[in-house]
Structure formats: structure tokens, C-alpha cells
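Below: one structure, written as C-alpha cells.
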Amino acid sequence: MRAFVTGGSGHVGGNLVRELISRGYGVKCLVRKDTRALDGLDVELVRGDLNDASAMGAHMQDVDTVFHAAAFVAVERVDEALMERINVGGTRAMCEAALNASVGRFIHFSSVHAFSQMPTDQPLTEDRALVSDPDATPYDRTKAAAHRVVMGACDSGLNASIIHPTGIIGPNDWKPSRMGAVIQDIATGQMPIILRTGFNWVDVRDVCRTAVNCVEMGRKGQNYLAPGSWGSMKDISDAASEVVGKKTAYLQLPLWSAYLALPFAGISSALTGNRTAINKGSLHALDVQCKDIPGALAKEELRHTSRPLAETVRDTIDWMRSNDRL
């Protein structure tokens, strides 16, 4: 068995490659410059333009399965044209390449953000409407559009399934991701004030295990939500405190208070060039969310399971320590 993984050097990609290798797959990865997530692993690294269907097709000639994990992930207002090119155009090119190469299986990594969160008082399942609001964040809109592209490719014969993780956290997070940076700040005492909010968090390793299960167990044209459990920022802080052996957060503020800080966060970002910990998009995602995400279909068909949040936080901090991230 041989797999082609896009986004192989990212948080999901690096963990996915480890899962594939543990199951006996040979792996080829489309990567960018920073490949620390793959150091020491027996993988073939290739580079190229995700939007070049011909080049991507050439990389697919000797593989059985394609895992499309490459994406521009950001909840703030960013370069919308670039996000559209990567998340939608790249997915379209990958589907075209896979069809032309007669790839046996195609697994697309989407997100819970592809779905409309309304109504928030009803369970979010796979048949929930996709985001269609033109004023939605670019990430939400492009992930929904990419979903439609994959489903359209299925109509043309592509044997594809879609995985929708919730909020991904976990080890092997070299960049780090936005939540990886938050956990790092909490663990080092740099975030003594936290918001009274939370999200449905899922361990990246559990998502990747489910995605590999989907190759054999998943159905063509079916999408699967891969949730963990809802946990508050206090839950994360408490778990971090257990690991580092000291209190990490001293004050909780209501979510609405963070909106007051947005102008200052924007100024700080403009001056430093760094992405802010809070922005309008991230606050909206926390403010308007469906907390009930049962994931019953993935549990039944893909044997999806999720480990406790505290275990994920512990493993993440342990990984940070062992890789000089703390």
C-alpha cells in the first residue's frame, strides 16, 4: 500500500504520516519548506504547485490512496484570493489529478467549519447545511466550497470521502497551530487570563487514525464528522496545570470582553507582524457554535474514538518539552 499526502509537513500531515507508517504504508508527501514534522521518518518528499493538476497527477501514478490535507487555515480575514486558490482551487486540481490517475481512494480533510453552525441548539450531523453566507469568514466559505468540489468529483467517478474534524489539538505541532500556541502560552504562564468559553476539541492522532480507517471502511461520497469532546479554556488550563505542577490561569473573563480588545489586538498585529491570539473570526467561532456534535456515523462506520482532553493536553506539553518548545 502506498499513499500520497498533501500538507505532509503540517500538524495534521505529520501525524497522518506517522499513522500511515505504523500501518505499513509507503508514503510520499507534498511538502513546503519546513519539514521538521517529518524528520527521521522514512518518507519520500516532493515539492510542487498544488494547483498544477498535471504535476499532482504524476505524483499519483504509483499510489493507491490520496490524502488531501493541505489547506490555508485561518479564521481571521486574510488574503482571500490566496485562500480561495489553495482551499478550493487546490482541491479541484487534486480531484482532477486523482480522476486522471485512476487513484483507488481519495480522502479529503475538511473541517466542522464547513457547516452552518445554526441552529446551535440542535445536534450537528453530516446532513447539516454547508456554509453559504457570503459574509462568513473566508475559511468557512472555502472549506464549504471545497466540500462541494469533492462531492462533484464523486459524481464523476472519484472514490472519495470527507473527514470533518472539530478543533484539532495535539503533539507534533511544529509551526505551531493557533491552539498549539495557546497551549504553549498557558503552560508557560504567559496567558494568566483566559476566556470563559470553549470548543469541541479532538486529538489530531484520533482524527488521523479515523482518516486511515476511512480508506477501507468509508463509503464513496460520504462525509464524516470526527469530533472529540467539548472542553472549556479552563479545562485546558487545569489540565496544563496538572502537567507543569503549578497554576497556569488566574482569571476568567466573559467572551464579550474580548471584543473590546479587538482594536488593540489589531494595532499590535500591525506593529509586530504577528497573528493575534484573538480576532473577529476566532471570537465568532467561539461565540456561535454548536456544542452537540455526536459523530455517530464515524463511530459506527469508521471506528472513530477520541481520547480525554486532559490526555491530549498532557501529551502536547510533554512533546513541547521534549522538543525544546517550552
Which residues' amide hydrogens lie under 5 Å from the amide hydrogen of Q222, considering only partners 5 or more residues apart or on another chain, with H built in the peptide plane?
I162
Can you work out the PRE-style zone for T305? Point 7 Å along Cα to Cβ, and I want the residues of segment 223-267 with backbone N under 20 Å.
225-230
Measure out, as a whole number of angstrom, how far apart the alpha-carbon centroids of segment 145-168 and segment 170-233 sit.
20 Å
Evaluate E = 1/(1 + (r/R0)^6) for R2 and R47, where r is the Cβ-Cβ distance and R0 equals 22 Å; express this FRET efficiency to the nearest 0.05.
0.75
T305, T197 arranged by Cβ crowding within 10 Å, fewest neighbours leading
T305, T197
Hits among aspartates and glutamates - C-alpha to C-alpha of K280 under 13 Å, sequence gap 8 or more where chains match
E76, D135
Using Cα pairs under 8 angstrom and six or more residues apart, how large is the relative contact order of the chain, in percent?
19 percent
Kindly write out, for segment 298-309 in residue order, the coupling ³J(HN,Hα) from the Karplus curve 6.51 cos²θ - 1.76 cosθ + 1.60 (θ = phi - 60°), rounded to whole Hz, with x marking Gly and Pro.
5, 5, 6, 9, 10, 6, 5, 9, 9, 7, x, 4
Using helices alone, what [θ] at 222 nm do you get for the chain, with -39,500 (n - 2.57) per DSSP H run of 4 or more residues, divided over all residues and rounded to the nearest 500?
-12000 deg cm²/dmol
Magnitude of the Cβ-charge dipole (Lys and Arg +1, Asp and Glu -1) of the chain about the Cα centre, nearest 20 debye, reported as 380 debye
What does DSSP give for the chain in terms of the percent of beta bridges that are antiparallel, rounded to the nearest 5?
15 percent
Leaving out same-chain residues fewer than 8 places away, which lysines sit with a Cα under 25 Å from that of K299?
K143, K220, K291
Measure nothing but the geometry: give the 0 to 90° angle between the long axis through the Cα atoms of 262-272 and the longest principal axis through the Cα atoms of the chain, rounded to 10°.
70 degrees
Once the dipole of the chain is set up from charges on Cβ (+1 Lys and Arg, -1 Asp and Glu), the residue from the list T125, M56, A285 lying farthest towards its positive end is A285
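Every read-out reported here was derived from the displayed coordinates using simple, explicitly stated rules and does not represent laboratory data. Note that the structure is predicted; figures quoted are calculated from it, not measured. Cβ sites come from the backbone with ideal geometry, for glycine too, and all protein chains shown count toward neighbours.
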